[in-house]
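Down below is the structure, laid out as structure tokens.
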């Protein structure tokens, strides 16, 4: 324990920040390596209205949505930095899930008619 503390004390602030950033990117890649992690990140990006422009005329709502979008853009940028191909995979998985939902909905409509 003491050796670990001594090693950390000898690191510069820049080295510590670099190590934290590397750990964060490693954590992000771990999230992106599972379907569940990718689905969770897609939900965050969607909830933050990342890919939509704010068109609200109410300034209070506009400020809230701008903040949400800022977080979503940060998540998206982090994904693209950590594992760029994961974003394409996320889009494909989301499209496939939406197609399944549409097919199920269409089938239910036909059965109830």
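Every number here is computed from the coordinates shown, using simple stated rules; none is lab data. Owing to the predicted nature of the structure, the values given are computational and were not obtained by experimental measurement. Cβ coordinates were reconstructed from backbone atoms using ideal geometry, including for glycine residues, and neighbour counts include every protein chain displayed.
With one equal scatterer per alpha carbon and no solvent term, the Debye-computed log10 I(q)/I(0) for the chain at 0.10, 0.11, 0.21 1/Å reads -0.50, -0.58, -1.07. A Förster distance of 35 Å, applied to the separation of the beta-carbon atoms of residue 10 and residue 70, puts the FRET efficiency at 0.45. Each residue, residue 55 and residue 29, gets one label point 7 Å from its Cα in the Cβ direction; the gap between the two is 4.0 nm.
Here the extension length gained between residue 108 and residue 21 equals 26.5 nm, from 0.36 nm per residue of separation less the Cα-Cα distance. Relative contact order for the chain: 25 percent, from Cα pairs under 8 Å spaced at least 6 residues apart, divided by residue count.
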